[in-house]
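*Asks:* The following block contains the structure, expressed as C-alpha cells.
Quick note: the coordinates plus some simple rules give every number you see, no bench work behind them. In this text, all values refer to a predicted model and were calculated from it rather than measured experimentally. Here the Cβ is made from the backbone with ideal geometry for all residues, glycine too, and neighbour counts use every protein chain on show.
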Amino acid sequence: MMIVTTFREVRQLNRGRTGLVPTMGFLHEGHISLLEAARTECDHVVMSLFVNPLQFDEAEDLRRYPRDLERDAAIAEQAGVDVILAPGVGEMYPKWPPDTVVKLPAMTAMLEGAFRPGHFDGVATVVTKLLAGAQPDVAYFGRKDGQQLAVVKALVRDLSLPVDVRGLPTIRERDGLALSSRNVFLSPEDRGAALVLSAGLMAAADAIDGGSIDAGAACAIVRDVVSSQPGVQLEYVEMAAQDDVQSADTIERPAFLSLAAKVGDVRLIDNIHIDAAPGGFVADRGVRLDRPSVLYAAADEVSA
Ligand code: AMP
C-alpha cells in the first residue's frame, strides 16, 4: 500500500478498473464495507483521507474531528487498499477559499442542508475535485449520509462525470447505533441514550414493511420513541425522495426517512432508506455488526 499526497501521484498509480472511497478518516466498519466492496468490484482501490474544511459549518467541529493516520493506514491496508490519498489543504485548495464552488440548492434545502448552512457546498465541491483529480471508474458512498449520496449522484449526472456511483447500506453497531467517527465522543450514558435514534427508525421500518406509506405516521413513530429519552434532542425527522431530496407526504417512490439529534454535545444523523420492492416498498435497516466495532480500538490494537 502506498500513501501519497497529490492527485498527480494517484493518477500515475491508477490501473484497470479503479475504485475510489472518499473518507474523512478515523475509520470504522462503515468505511471498511465500502473498501471491501471496492476491493471485490475493482482492480485497484484508492481511499482518500481528507478532513474537508469547506464542509464544516462549525469551527469547533472541524478542530476536534478525530484524526489518526497511522490507525487509518493499518485498517486500510488490512481491507486491501492499494493507495491512500492524504492531501494537505494546499493540494486540495490551491486557492483558499476556492473561487469555484459546486452548489445544488434544490436538493439541499431540507434535512442537513437546512440545519448546516454551506455544508453541502463543501461536500459537493470536494467530491467533484476528488472525482476530477483521482479519476476513478467507480466511487463508493454510504447510505448513512443519505442526502450526501443523493447530492453526489446528482452532481455526477449534471456535470457528466465519467464515474459510476455506488451507495451501500448503513453499518450499525451490535445494538443498532449507526457507526460514525463521532461516536468516539459519546459518554457511556449518552451512547446508551442515543440508541433511541436507531430504535425509532426500526419501529418506523416495521410500519413501512407492514404496508404503511404514510410519511407523517412514520415520522410520528420516530418522534414518539425518541421523546422517551430526555437526553436526546431531536433536530428533525423527515421523509424525502431518494433521487431529488424533496419532502414526501406519502411513499410513492424510493425515499429515505432521516433524522438528526444532539446527544450531549455530539450531533448524530441516521436514516433508513425505503426501496421499491415487488408490490410496495421495503425498508433498508442497514447491517449490524456481530462484534464490537474497531472504532474503539487504538492504533496498536488495530495493526495487531
Ligand atoms: P466520512 O468519513 O464520515 O466522511 O464517511 C466516508 C464515507 O463512509 C461516506 O460515504 C459515508 O456515507 C460512509 N459511511 C460513514 N458511516 C457509515 C456507516 N455507518 N455505514 C456505511 N457507510 C458509512
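*Asks:* Suppose we keep just the alpha-carbon trace of the chain; what are its Rg and Dmax in angstrom?
*Replies:* 18.8, 54
*Asks:* Let me ask something else. What share of the DSSP beta bridges in the chain is antiparallel, in percent to the nearest 5?
*Replies:* 55 percent
*Asks:* A further question follows. If the only charges are +1 at each Lys and Arg Cβ and -1 at each Asp and Glu Cβ, what is the size of the charge dipole of the range 167-230 around the Cα centre, to the nearest 20 debye?
*Replies:* 220 debye
*Asks:* Could you calculate the contour length gain from Ser227 to Ala207, that is, 0.36 nm times the residue separation minus the distance between their Cα atoms, to one decimal place in nm?
*Replies:* Full-extension gain reported as 5.4 nm.
*Asks:* Net charge near Asp224, counting Lys/Arg +1 and Asp/Glu -1 over other residues with Cβ under 15 Å of its Cβ?
*Replies:* Once positives and negatives cancel, what remains is -1.
*Asks:* For the range 93-173, run through the trypsin sites (Lys or Arg not before Pro) and keep only the ones in DSSP coil with at most 10 other Cβ atoms within 10 Å of their Cβ.
*Replies:* For trypsin sites (Lys or Arg not before Pro) across the range 93-173 that sit outside H, G, I, E and B with at most 10 neighbouring Cβ atoms in 10 Å, the list reads Lys95.
*Asks:* About the Cα centre, and with charges only on the beta carbon of Lys, Arg (+1) and Asp, Glu (-1), how big is the dipole of the chain? Nearest 20 debye, please.
*Replies:* Magnitude of the dipole: close to 520 debye.
*Asks:* Tell me, what ³J(HN,Hα) does each residue in the range 282-295 have, in order and in whole Hz, if you take phi through Karplus 6.51 cos²θ - 1.76 cosθ + 1.60 with θ = phi - 60° and put x for Gly and Pro?
*Replies:* Here the 3J(HN,Hα) series is 9, 7, 8, 8, x, 10, 9, 5, 10, 8, x, 6, 5, 3 Hz.
*Asks:* So, one more: How large is the helix-only mean residue ellipticity at 222 nm for the chain, computed as the sum of -39500 (n - 2.57) over DSSP H runs with n ≥ 4, divided by its residue count, in deg cm²/dmol to the nearest 500?
*Replies:* -10500 deg cm²/dmol
*Asks:* Starting from the Cα of Glu189, step 7 Å along the direction of its Cβ; do the same at Ala114; then give the gap between the two resulting points in nm.
*Replies:* 3.1 nm
*Asks:* Checking the a/c ratio against 1.5 first, then a/b against b/c, what shape does the Cα gyration tensor give for the range 145-304?
*Replies:* oblate
*Asks:* How would the range 51-100 be classified by its alpha-carbon gyration tensor: rounded, prolate or oblate, with rounded meaning a/c under 1.5 and the a/b versus b/c comparison settling the rest?
*Replies:* oblate
*Asks:* I want the local charge near Val101. Using Cβ-Cβ distances under 12 Å, sum +1 for each Lys or Arg and -1 for each Asp or Glu among the other residues.
*Replies:* Summing Lys and Arg as +1 and Asp and Glu as -1 gives +1.
*Asks:* Can you give the local net charge around Val263? Use residues other than it whose beta-carbon is closer than 12 angstrom to its beta-carbon, Lys and Arg +1, Asp and Glu -1.
*Replies:* Every neighbour counted, the sum reads -1.
*Asks:* Under 1.5 on a/c is rounded, so check that first for the range 254-304, then, if it is not, pick prolate when a/b is larger than b/c and oblate when it is not; a ≥ b ≥ c are the square roots of the alpha carbon gyration tensor eigenvalues.
*Replies:* oblate
*Asks:* Then there's this: Suppose the chain between Thr5 and Val51 were pulled fully straight at 0.36 nm per residue; how much longer would it get relative to their current alpha carbon spacing?
*Replies:* 15.2 nm
*Asks:* Work out the length of the dipole vector of the range 254-304 about its Cα centre, built from +1 on the beta-carbon of each Lys and Arg and -1 on the beta-carbon of each Asp and Glu, and round it to the nearest 20 debye.
*Replies:* 180 debye
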